[in-house]
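Student: Please find one structure pasted underneath; my questions will follow.
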Amino acid sequence: MNVESYIESGVLEAYVGGFLSDAENKEVDQMAKKYPEIKEEIEKIQEAVRVYAHQNESAIQPPSLDSIIMNLAEEGKEQEAEEKIKSPNWMPYALAAAITLFLLTSFFAYTLYQDMQGLRSEVASLSERTSTLEEEKDYITEQYAALRQNPVVIEQHQKIIDDPASIPIIMTGLESAPQSKVHVFWHSTSKDVYLLIDDLPEPPKDHQYQLWAIIDGVSLDAGIFDHHTKMQKLRHVEGKVSAFAVTLEEAGGKPTPNLDRMFVKGELKEV
């Protein structure tokens with residue numbers, strides 16, 4: 001609770017002036033009990049009103065005796081007019097009017113404060129809506145990636161899997177990710193490499209998985225890949241491949257593998 005902002009809002013002047021609803025008055029009473037600064041400010045406003053009334057009391061002139069007498073003379077009430085002008089009953093109403101004028105400015109300030117609070121609420125609502133739209137955008141992006149694996153694409157990949165020239169290699173999880181599993185299909189004629197991802201953990205931010213073809217003990221870069229795409233084609237690999245492996249590398253890939261971050265590996269049963 002920002003007590004200073006609450007005091008400066010004008011709500012206390014409106015409270016003293018009697019412009020608030022019962023519920024709003026109760027709220028101010030509670031705030032005054034909870035925060036001594038607010039109670040003190042209310043007392044200052046009340047004192048200012050008393051001083052203002054006192055200072056302006058002499059400036060408030062009673063109605064003209066002649067005008068009252070003239071208005072009542074036709075009815076034969078001259079004596080009543082004399083008594084009326086001497087009566088102090090008009091003074092509280094005149095002072096109340098003066099005090100009301102004094103407080104109106106504060107009331108308008110409070111009204112402006114409420115309007116500003118409403119605008120802030122609208123801005124917050126728009127900000128929340130913008131955040132929601134960003135989330136929807138991310139969701140649509142994910143759905144688009146899933147749609148890429150449509151029946152036509154799947155059928156094309158199935159042809160690769162069923163092709164007798166495609167050599168299947170099952171890469172199973174190592175110590176860093178024992179539950180991981182990825183299939184490699186290396187076409188013995190075209191030398192194209194396809195990945196079928198069964199399970200890989202979500203990589204850290206700014207990191208990607210990279211496939212390696214092991215030829216004569218040397219790891220050859222076979223390309224980085226999107227672990228969210230179920231099946232995808234990677235690089236053309238020539239040579240006498242003995243195994244494939246996947247490591248986790250910094251985004252963009254590396255020329256040599258980080259063996260400490262090898263997640264899956266599988267050897268060829270047939271070349």
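The values are calculated or read from the model by the stated rules, or taken from the named source; none is laboratory data. No experiment lies behind these values; they were computed from the predicted model shown. Here Cβ is always computed from backbone atoms with ideal geometry, including for glycine, and neighbour counts include all displayed protein chains.
Student: Do we have Gly239 as closer than 24 Å to Pro164 by Cβ and either in a loop (DSSP other than H, G, I, E, B) or out of contact with any Leu (no Cβ under 8 Å at 6 or more places or on another chain) (or both) here?
Tutor: Yes, satisfied.
Student: Give the residue that is surrounded by the fewest Cβ atoms within 10 Å (Cβ to Cβ), with candidates limited to residues of segment 252-266 that are closer than 17 Å to Met171 by Cα and charged (D, E, K, R).
Tutor: Selected residue: Asp260.
Student: Cβ-Cβ under 7 Å, sequence separation 6+ or interchain: first residue in segment 238-250 and in the same structural domain as Ile215 (by TED's automatic domain parsing), partner surrounded by fewer than 21 Cβ atoms within 10 Å (Cβ to Cβ) and among the small types (Gly, Ala, Ser). Which pairs?
Tutor: Ala243/Gly266; Phe244/Gly266
Student: Mind listing whichever residues of segment 21-52 are aliphatic (A, V, I, L, M) and modelled with pLDDT of 80 or more?
Tutor: Scanning segment 21-52 gives Ala23, Val28, Met31, Ala32, Ile38, Ile42, Ile45.
Student: Any chance segment 163-177 includes a residue that's surrounded by 14 or more Cβ atoms within 10 Å (Cβ to Cβ), charged (D, E, K, R) and at pLDDT below 90?
Tutor: yes
Student: May I ask you to list the residues in segment 181-209 that are hydroxyl-bearing (Ser, Thr, Tyr), assigned to a strand (DSSP E or B) and either over 38 Å from the mean Cα position of the chain (by Cα) or closer than 17 Å to Asp162 by Cβ (or both)?
Tutor: Once the filter is applied, which keeps residues that are hydroxyl-bearing (Ser, Thr, Tyr), assigned to a strand (DSSP E or B) and either over 38 Å from the mean Cα position of the chain (by Cα) or closer than 17 Å to Asp162 by Cβ (or both), segment 181-209 yields only Tyr194.
Student: Hey, among the residues in segment 242-271 that are of a type in the set (Lys, Arg) and in a loop (DSSP other than H, G, I, E, B), which one's farthest from Gln158 (Cα to Cα)?
Tutor: Applying the filter and picking the extreme gives Lys254.
Student: Could you list, ordered by first residue, the pairs with Cβ atoms under 9 Å in which the first is in segment 218-229 and over 11 Å from Val241 (Cβ atoms) and the second is among the basic types (Lys, Arg) and in a loop (DSSP other than H, G, I, E, B), at least 6 apart or interchain?
Tutor: Asp221/Lys254; Thr229/Arg148
Student: Can you tell me how many residues in segment 231-271 are of a type in the set (A, V, I, L, M, F, W, C), at pLDDT 90 or above and under 41 Å from the mean Cα position of the chain (by Cα)?
Tutor: Residues meeting the conditions: 7.
Student: Of all residues in segment 216-251 being in contact with a His (Cβ under 8 Å, 6 or more places away or on another chain) and buried (at least 17 other Cβ atoms within 10 Å of the Cβ), which is farthest from Glu267 (Cα to Cα)?
Tutor: Ranking the qualifying residues of segment 216-251, first place goes to Glu249.
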